1. If you check LEU104 against the conditions, is it touching a Pro at 6+ places or on another chain (Cβ under 8 Å) and buried (at least 24 other Cβ atoms within 10 Å of the Cβ)?
2. Please go through the stretch 201-237 and pick out each residue that is touching a Leu at 6+ places or on another chain (Cβ under 6 Å) and within 14 Å of the ligand (Cβ to nearest atom).
3. When both residues are 6+ apart or on different chains and their Cβ atoms are under 6 Å apart, which pairs have a first residue that lies in the stretch 226-241 and is assigned to a loop (DSSP other than H, G, I, E, B), and a second that is charged (D, E, K, R)?
4. Report the residue count in the stretch 125-150 for those that are within 16 Å of the ligand (Cβ to nearest atom), out of contact with any Gly (no Cβ under 6 Å at 6 or more places or on another chain) and either modelled with pLDDT under 95 or among the hydroxyl-bearing types (Ser, Thr, Tyr) (or both).
5. Check GLY209 against each of (1) of a type outside the set (Phe, Trp, Tyr); (2) under 27 Å from ARG75 (Cα atoms); (3) buried (at least 18 other Cβ atoms within 10 Å of the Cβ); (4) over 15 Å from the mean Cα position of the chain (by Cα) and name the one condition it does not meet.
6. So which of ARG283, ARG261 is away from the ligand (no atom under 16 Å from the Cβ), surrounded by fewer than 21 Cβ atoms within 10 Å (Cβ to Cβ) and under 15 Å from the mean Cα position of the chain (by Cα)?
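The values are calculated or read from the model by the stated rules, or taken from the named source; none is laboratory data. Nothing here was measured: the structure is a model prediction, and the numbers come from that model. For neighbour counting, all protein chains shown are included, and Cβ atoms are generated from backbone atoms with ideal geometry for every residue, glycine included.
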Amino acid sequence: MVSLLISTLRLISAFCLLPFALAAVAVQSPRYDIYAVRFAHVPYGLSSLVAGAERGPQVDIAFTVWPLRDTSSGRVILVDAGFYRDKFIQSWKPQDFVRPSEALAKGLGIAPDTVTDIIITHSHWDHSDGADLFPKATIWIQKAEFEYYVGANGEVLNRGGVDADDATMFAGLKAAGRVKLIDGDNQEILPGIRVYTGGKHTFASQYVGVATADGTVVVASDNAYLYKNLDEKLAIAQTLDAASNLAAQKRMVEIAGTPARVIPGHDPAVFSRFPAVAPGVVRIAGAAKAPRP
Ligand SMILES: [Zn+2]
């Protein structure tokens with residue numbers, strides 16, 4: 001009698017749990033294909049990238065955007081938007097420069113108006129200036145970063161974090177309802193995409209964890225400039241808080257589960273460590289097969 005009761009209860013609970021089990025399948029996070037797209041490069045001092053490094057040696061740093069493609073929904077997300085305004089081209093003289101929007105179209109067939117979202121890791125010109133190249137994208141940035149650097153009328157509130165033209169651009173995008181401000185650390189802003197703060201490259205710079213078929217990939221952006229930062233546990237040279245930066249780098253490896261899936265912001269070696277799918281484009285992770293040459 002007792003066993004009949006137990007088995008009846010089991011049956012009832014199985015039926016009761018069924019909708020929850022289906023719901024769990026339905027809301028499963030998408031898995032992204034993730035790429036790195038280099039749109040320029042320039043020699044830059046190692047001592048400006050790695051704390052304590054000797055003065056003199058140069059690194060041919062890559063300027064990069066990281067597209068994420070969710071093949072099931074068609075959503076195309078960029079981590080960072082690069083730069084294109086002429087003033088930066090004139091002052092930095094980047095080599096082999098291609099507008100980030102053109103590099104994405106040429107390398108991966110991503111048209112500018114198909115980009116649905118852009119996650120800005122921090123407001124520096126080389127990561128944010130290109131945000132207005134993508135007319136339909138929603139711009140995601142930390143609230144604390146935005147409000148620390150950009151005034152209500154697009155003025156620069158604190159120097160060193162945002163270029164004046166980019167502050168104007170940000171204010172315009174916000175007025176157009178295209179900016180989503182993120183409230184702090186460890187936020188899943190889109191299914192399968194979680195952002196983290198504490199890297200302290202700028203006031204509230206963030207890094208991004210991305211669910212892929214190969215595991216979680218962490219796009220460090222400038223919270224870790226080079227593999228040398230991560231491998232030798234050295235803070236970035238340009239940080240507001242070296243201890244916080246080192247803690248963030250350690251956490252990135254924990255989130256990814258392996259240092260191999262943490263992607264530094266400017267290291268040219270990213271473009272030799274991962275398989276090339278087009279000139280200047282590598283596939284970091286995901287289910288998509290590399291196109292046949
Ligand atoms: Zn940078």
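1. Values: touching a Pro at 6+ places or on another chain (Cβ under 8 Å): yes; buried (at least 24 other Cβ atoms within 10 Å of the Cβ): yes.
Yes, satisfied.
2. Listed by number, the residues that qualify are ALA224, TYR225, LEU226, ALA237.
3. Correct list of pairs: LEU226/ASP267; THR239/LYS200; LEU240/LYS200; ASP241/LYS200.
4. Going through the stretch 125-150 one residue at a time, the tally reaches 1.
5. With respect to (1) of a type outside the set (Phe, Trp, Tyr); (2) under 27 Å from ARG75 (Cα atoms); (3) buried (at least 18 other Cβ atoms within 10 Å of the Cβ); (4) over 15 Å from the mean Cα position of the chain (by Cα), GLY209 is out only on (4).
6. Values: ARG261 fails: surrounded by fewer than 21 Cβ atoms within 10 Å (Cβ to Cβ).
Exactly one residue qualifies, and that residue is ARG283.
Listed here are the residues, each with its yes/no results for (1) part of a helix (DSSP H, G or I); (2) within 15 Å of the ligand (Cβ to nearest atom); (3) without any contact (Cβ under 8 Å) to a residue 24 or more places away in the chain.
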position: VAL37; (1), (2), (3): no, yes, no
position: ARG55; (1), (2), (3): no, no, yes
position: PRO67; (1), (2), (3): no, no, no
position: ALA81; (1), (2), (3): no, yes, no
position: ILE89; (1), (2), (3): yes, no, yes
position: ALA105; (1), (2), (3): yes, no, yes
position: SER123; (1), (2), (3): no, yes, no
